[in-house]
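Read the structure below first, then the notes.
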Amino acid sequence: MVSASEKKIKHMFEDCTEKSNKNSQSLKKLPYETRLKRSGLYSLERRILRGDLIKTFKILTGEEHIDPSTFFQLAAQVYDEHIN
């Protein structure tokens, strides 16, 4: 037996899927940048950059178990090397 809340969620999902399919058909003929703007999405390049920035932050803050010096040279180290 399916509960009322499960039916409501299923109905909402089906509505969302139907709207998405209709929307994608109307956007199909538009240029890539226009489709992205109307869909509220970012370009692939921007999503890749965002992912890279998040990964860099995680490496530098120690959330990733990677030695930051493998990829980065901190500014203080660069400054000291140029003076000496």
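Where a number appears in this text, it was derived from the coordinates with a stated rule and is not lab data. Predicted, not measured: the structure shown is a model, and the values here were computed from it. Every residue, glycine among them, receives a Cβ derived from its backbone with ideal geometry; neighbour counts consider all protein chains shown.
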Handout entry: Full-stretch length increase - Phe57, Lys8 - with 0.36 nm per residue and alpha-carbon distance subtracted
Key = 13.6 nm
Completion exercise
At R0 = 30 Å the Cβ-Cβ FRET efficiency linking Ile66 and Leu41, nearest 0.05, sits at 0.50
